[in-house]
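**Q** Provided herewith is a single structure, encoded as structure tokens, for subsequent inquiry.
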Amino acid sequence: MRSSFLSESPCDEQHIHGFNPQSWLQVERGKLPKSSYSPSSIESLIKIAEPPVVPLYKPLDYVEVLSRIHEELEQCAPSERPGLYLIQSQVFRGLGEAKLRQRSLHSAWRCTTTVHEKIVFGAWLRYEKWGEDIISDVLASCRKCCKEFGPLDVASEMPEGDFEILGSCDIGTSSKVSPVVTFQIRDGKVTCNRCKIASLSIPFWSMLNGPFTESQLDLVDLSENGISLEGMRAVSEFSCTYSLEDLPLETLLEILVFANTFCCDRLKDACDRKLASFVSSRQDAVELMALAFEENAPVLAASCLQVFLQELPDCLNDEHVVSLFLSATEQQQCIMVGHASFLLYCLLSEVAMNIDPRTEATVCLSEKLVQLAVTPTQKQIAFHQLGCIRLLRKEYNEAEHQFSVAFSAGHVYSIAGLARIAGIRGRKGLAYEKLSSVITSSVPLGWMYMERSLYSEGDKKLGDLDKATELDPTLTYPYMYRAASLMRKKDARLALEEINRLLGFKLALECLELRICLYLALEDYKSAICDIHAILTLSPEYRMLEGRVAASKIGTLLGAHVEQWNTAECWLQLYERWSSVDDIGSLSVIYRMLESDAAKGVLYFRQSLLLLRLNCPEAAMRSLQLARQHAATEHERLVYEGWLLYDTGHCEEALQKAEESISIQRSFEAFFLKAYVLADSGVDPSYSATVISLLEDALKCPSDRLRKGQALNNLGGVYVDCEKLDAAADCYTSALKIRHTRAHQGLARVHFLRNNRDAAYEEMTKLIEKAKNNASAYEKRSEYCEREQTMTDLQIVTQLDPLRVYPYRYRAAVLMDSHKEKEALAELTRAIAFKADLHLLHLRAAFHEHIGDVPSALRDCRAALSLDPNHQEMLELQKRVNSQEP
């Protein structure tokens, strides 16, 4: 979805009218004079797309919204909780908090009160984990089945109906009516117990016992009622036993129609449940869903729905499935998904957008969502989403209407869509005014200034962009625009500094692409190809220059202009970059090595470690899967499976894999895996001795210095925890001898614990000087110096990585100690505006409690508990604050 909303340009490599990568590469060959570079050529190379209006729920004050949801969850009926968790998940989605969003969906799934909700939320969670099917296979090899979001037995999960048994079966000895009745079915006959059959429904009771001709007859002709002899026999048997035997599909379909015709609710329910077992494929589901709609068979319909949703996203490429969802009337939706229609179409429209937001199917599914929206929040979500899709399709009148409704319902972010349409129509002044009005009438946020900058020029534009970065440093467009502007002014050094400010803490592909363009303009092909490799590692199909050129093609062109390395040289280069904590440089070297015949399993594993350090978990998971796929030996494959299990929360099974690997071959990686999992999951102090022993075993096994340095560093950490400082210092020193740079941090801790703060400070200074990415080093060094230097270091941390929360908390605490309550609260509030963090909210809640602002303290407590409902200190603070509420 990201790339779809970033660009509207066609992806056609045969019609590249702007920048031609080959022309930039000719300079080194001497075929183009350097004077051929002109401002216009740089302009064509460095073109910044406007930031997309994203189809996300972005409330003005997410803390207030989360707090309100949490309060409602504490007080509402159980049936209302799944819907509240859905809205909570939408808030987290808008904040870019994927893990928190998944946890909200999981909470919704856990507290569902209907089968339909469980089917939809289960499918949603399964879709969120799409691409991780390998985990199920690996778990199966541990003799553990991953059934959490697998298919339900819908028939057994659906609640039984309360069916009334009509009449009495005591006809009496004086009655002239026979106790049996025979039904003629064309050439055959079925004899039934009259009272038993009559008890199936009011129509049957009236027909067989009422003032009708049939009530006096012993033979009733049902030949024209569409049921076969076999079907009627099954009905007769059911009237006595209230159960249906296993019957062919055609017979069950006859009985279902028959039950509907004669209003036999109990028979219909039994038949509906039997039919559900026949839904085993998408084709079955398509055919049987139509019948379920026609005959009002909710169990069958839910079973068909489950098959569709278990196959997301593929099923939305099936026009028959899409047609069923789009043509479903209100009554048919109720048959299919009960009262969870908004939930269903929320899921379907999101998946459709991820496939292609421009298709007619995406529009129609979003229109369905709009029709189903009832509450103000639902309307904000649905109308804004449809507005974004219409905007992308250049359907400006419709988009304007959708954004207007969303804005009127309270979704202030939709003003960005309204302003964008005004700008497209040439009314930039109106667009500017709309955003100015929002800025002055509410607490201003970064996106407001960023959007307003699109409708001004010069210093006014740059002023808005600077303000946007001040309020929300995670927004990428301001950095990109400033960098491009500096490059157009031929200030390449400042342009690179500007884009590096963002890439230092946020690995955004579009920013890497811009930096590549800057490097190309500077003829720095070595740095350019490094970033190309990083992009291709994160997104192998990525396309550059507004989608016109595959990144891999530019990489191929650049490859001819950089020095080629043999395998030994690659390992030396990797060692150099890894030691200097140059993660992107390390990714590039590994990418080069993977293009050769090197052992790919080991390289993909190293790649996954780097991606985790760069906070790219999805790409890391993909690399780890490739490591498993390319493992050279059985014991190596088991190690990678262990890491896959550990990274997805299956610690016990990860240990099992490590032990299996060790039983085949004692290897560094197997011992390291076992030690790592035990150290992370063990609460028993005795685990420390085991971890030490395992790491010592690992160090005895063959491995390269990169991994041995990591093992020594980890071993030092365990020794510190055991208060064995001499042993810890030896480990860290040994790690530093083989250039494991991060060991400086461990050695600094040892110095500090020995009451030598100056030595700790000096040790961290060495790390800062060596590491390319050093925000964490500055943060750690701040613990070993006086307050003034601490404040300086933490200010540098915030400049390097504004997402690190400790500096805000420290500065706020200092201000609070100085009785500057407003300034302390402001320091926390500015970070909370762009970073949903439990510790920030916890501290602000405590500050509010301290100054007697109970409502604000409660708000922050509830919002923090939305991030972690089981956080003990937050629960205690909330309890204490609650007791103060009047």
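The values are calculated or read from the model by the stated rules, or taken from the named source; none is laboratory data. Since the model is a prediction, treat every value here as computed from it, not as a measurement. Using ideal geometry, Cβ is built from the backbone for each residue, glycine included, and neighbour counts are taken over all protein chains shown. These area figures cover heavy atoms from the full protein model, side chains too; ligands, DNA and RNA do not enter into them. Shrake-Rupley method; radii C 1.70, N 1.55, O 1.52, S 1.80 Å.
**Q** Can you name every residue in region 640-672 that is over 21 Å from LEU699 (Cβ atoms) and outside any helix (DSSP H, G or I)?
**A** Residues satisfying the conditions are THR648, GLY649, HIS650.
**Q** I'd like to know if region 488-496 contains one or more residues that are under 15 Å from ALA49 (Cα atoms) and either in a helix (DSSP H, G or I) or outside the structural domain of MET544 (by the TED database) (or both).
**A** First pass over region 488-496, keeping only residues under 15 Å from ALA49 (Cα atoms): none.
No, there is no match, as no residue in region 488-496 is under 15 Å from ALA49 (Cα atoms) and either in a helix (DSSP H, G or I) or outside the structural domain of MET544 (by the TED database) (or both).
**Q** Here's a follow-up. Residues being open to solvent by 30 Å² or more (accessible area, probe 1.4 Å) and of a type in the set (A, V, I, L, M): count how many of those fall in region 369-386.
**A** The qualifying residues number 2.
**Q** For the list (1) farther than 24 Å from TYR604 by Cβ; (2) of a type outside the set (Lys, Arg); (3) modelled with pLDDT of 95 or more, I need the number of the one condition that LEU522 fails.
**A** (3)
**Q** State whether the residues of region 497-515 include one that is without any contact (Cβ under 8 Å) to a residue 12 or more places away in the chain and either over 29 Å from VAL797 (Cα atoms) or not in a helix (DSSP H, G or I) (or both).
**A** The answer is no; no qualifying residue exists.
**Q** Count, please, the residues in region 516-532 that happen to be in a helix (DSSP H, G or I) and open to solvent by 10 Å² or more (accessible area, probe 1.4 Å). Talk me through it step by step, then tell me what you get.
**A** Applying the first criterion (in a helix (DSSP H, G or I)) to region 516-532 yields 516-521, 525-532.
Okay, now just the ones that are also open to solvent by 10 Å² or more (accessible area, probe 1.4 Å), so 519, 521, 526-527, 530.
Residues in region 516-532 being in a helix (DSSP H, G or I) and open to solvent by 10 Å² or more (accessible area, probe 1.4 Å): 5 in total.
**Q** While we're here: What are the residues in region 708-740 that are over 40 Å from the mean Cα position of the chain (by Cα), part of a helix (DSSP H, G or I) and under 15 Å from VAL691 (Cα atoms), if any?
**A** Once the filter is applied, which keeps residues that are over 40 Å from the mean Cα position of the chain (by Cα), part of a helix (DSSP H, G or I) and under 15 Å from VAL691 (Cα atoms), region 708-740 yields only ALA727.
**Q** Being among the aromatic types (Phe, Trp, Tyr), under 33 Å from the mean Cα position of the chain (by Cα) and open to solvent by less than 70 Å² (accessible area, probe 1.4 Å), is that true of even one residue in region 749-762?
**A** For region 749-762, residues among the aromatic types (Phe, Trp, Tyr), under 33 Å from the mean Cα position of the chain (by Cα) and open to solvent by less than 70 Å² (accessible area, probe 1.4 Å): absent.
**Q** Moving on to the next point. Failed condition for GLY426, given (1) on the phi > 0 side of the Ramachandran plot; (2) under 24 Å from the mean Cα position of the chain (by Cα), with all others met?
**A** (2)
**Q** Being touching a residue at least 60 places away in the same chain (Cβ under 8 Å) and open to solvent by 40 Å² or more (accessible area, probe 1.4 Å) is the filter here; which residues of region 198-218 pass it?
**A** ILE202, PRO203 - these are the residues of region 198-218 that are touching a residue at least 60 places away in the same chain (Cβ under 8 Å) and open to solvent by 40 Å² or more (accessible area, probe 1.4 Å).
**Q** Still on this structure, please answer the following. Provide a single number: the residues in region 299-350 that are assigned to a loop (DSSP other than H, G, I, E, B), free of Cβ contacts under 8 Å to residues at least 40 places away in the same chain and more than 22 Å from PHE383 (Cα to Cα).
**A** The number of residues fulfilling the criteria is 2.
**Q** Give ASP466, ASP459 a once-over and let me know the one that is open to solvent by 30 Å² or more (accessible area, probe 1.4 Å) and under 28 Å from ALA836 (Cα atoms).
**A** Working: ASP459 fails: under 28 Å from ALA836 (Cα atoms).
Result: ASP466 is the single residue among ASP466, ASP459 that is open to solvent by 30 Å² or more (accessible area, probe 1.4 Å) and under 28 Å from ALA836 (Cα atoms).
**Q** Considering only residues that are surrounded by fewer than 20 Cβ atoms within 10 Å (Cβ to Cβ) and not β-branched (Val, Ile, Thr), which ones fall in region 763-774?
**A** LYS766, GLU769, LYS770, LYS772, ASN773
**Q** Scan region 673-680 and tell me whether some residue there is open to solvent by 40 Å² or more (accessible area, probe 1.4 Å), assigned by the TED database to the domain that holds LEU609 and among the acidic types (Asp, Glu).
**A** Yes.
**Q** Now for a different question. Does region 755-775 contain any residue that is within 28 Å of HIS842 (Cβ to Cβ) and in a loop (DSSP other than H, G, I, E, B)?
**A** Yes, region 755-775 contains at least one residue that is within 28 Å of HIS842 (Cβ to Cβ) and in a loop (DSSP other than H, G, I, E, B).
**Q** If I go through region 603-635 residue by residue, how many of them are open to solvent by 10 Å² or more (accessible area, probe 1.4 Å) and either of a type in the set (Ser, Thr, Tyr) or assigned by the TED database to the domain that holds GLU97 (or both)?
**A** Adding up the residues that qualify gives 2.
Residues checked against (1) among the hydrophobic types (A, V, I, L, M, F, W, C); (2) within 26 Å of LEU767 (Cβ to Cβ):
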{"position": "THR790", "(1), (2)": "no, yes"}
{"position": "THR798", "(1), (2)": "no, yes"}
{"position": "LEU803", "(1), (2)": "yes, yes"}
{"position": "TYR806", "(1), (2)": "no, yes"}
{"position": "LYS820", "(1), (2)": "no, no"}
{"position": "PHE834", "(1), (2)": "yes, no"}
{"position": "HIS839", "(1), (2)": "no, yes"}
{"position": "HIS842", "(1), (2)": "no, no"}
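**Q** Within the set of pairs 6+ apart or on separate chains, which have a first residue in region 722-748 that is in contact (Cβ under 8 Å) with a residue 40 or more places away in the chain, a second that is of a type in the set (Lys, Arg) and part of a helix (DSSP H, G or I), and C-beta atoms under 7 Å apart?
**A** These pairs meet every condition: THR741/LYS770.
**Q** Those residues that are in a helix (DSSP H, G or I) and open to solvent by 10 Å² or more (accessible area, probe 1.4 Å), I need them from region 589-602; list them, please.
**A** Passing the criteria: TYR591, ARG592, LEU594, LYS600, VAL602.
**Q** Take residues that are within 29 Å of LYS58 (Cβ to Cβ) and of a type in the set (Gly, Ala, Ser) and tell me which of the helices (runs of 4 or more DSSP H) falling wholly in region 783-858 contain 2 or more.
**A** 821-832, 838-850
**Q** Right, here's the next one. Please indicate, with yes or no, whether at least one residue in region 355-367 is out of contact with any Gly (no Cβ under 7 Å at 6 or more places or on another chain), open to solvent by 20 Å² or more (accessible area, probe 1.4 Å) and in contact (Cβ under 8 Å) with a residue 60 or more places away in the chain.
**A** Yes, region 355-367 has at least one match.
**Q** Just to be sure, is HIS819 touching a Cys at 6+ places or on another chain (Cβ under 9 Å) and either farther than 27 Å from THR474 by Cα or free of Cβ contacts under 8 Å to residues at least 60 places away in the same chain (or both)?
**A** Judged against the criteria, HIS819 is not a match.
**Q** Assuming ARG787 fulfils every condition listed in (1) surrounded by fewer than 20 Cβ atoms within 10 Å (Cβ to Cβ); (2) at pLDDT 95 or above apart from one, which condition is it?
**A** Going through (1) surrounded by fewer than 20 Cβ atoms within 10 Å (Cβ to Cβ); (2) at pLDDT 95 or above one by one, ARG787 breaks only (2).
One line per residue, one yes/no per condition, for (1) more than 22 Å from PHE407 (Cα to Cα); (2) over 19 Å from the mean Cα position of the chain (by Cα); (3) at pLDDT below 95:
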position: SER35; (1), (2), (3): yes, yes, yes
position: VAL65; (1), (2), (3): no, yes, no
position: CYS76; (1), (2), (3): yes, yes, no
position: VAL91; (1), (2), (3): no, no, no
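**Q** Name the residue, out of ALA863, ALA826, ALA833, that is touching a residue at least 60 places away in the same chain (Cβ under 8 Å), under 31 Å from the mean Cα position of the chain (by Cα) and surrounded by fewer than 20 Cβ atoms within 10 Å (Cβ to Cβ).
**A** Values: ALA863 fails: surrounded by fewer than 20 Cβ atoms within 10 Å (Cβ to Cβ); ALA826 fails: touching a residue at least 60 places away in the same chain (Cβ under 8 Å).
None of the others qualify; the one that does is ALA833.
**Q** Quick check on region 219-237. Is at least one of its residues in a helix (DSSP H, G or I), open to solvent by less than 10 Å² (accessible area, probe 1.4 Å) and in contact with a Pro (Cβ under 9 Å, 6 or more places away or on another chain)?
**A** Among the residues of region 219-237, not one is in a helix (DSSP H, G or I), open to solvent by less than 10 Å² (accessible area, probe 1.4 Å) and in contact with a Pro (Cβ under 9 Å, 6 or more places away or on another chain), which makes the answer no.
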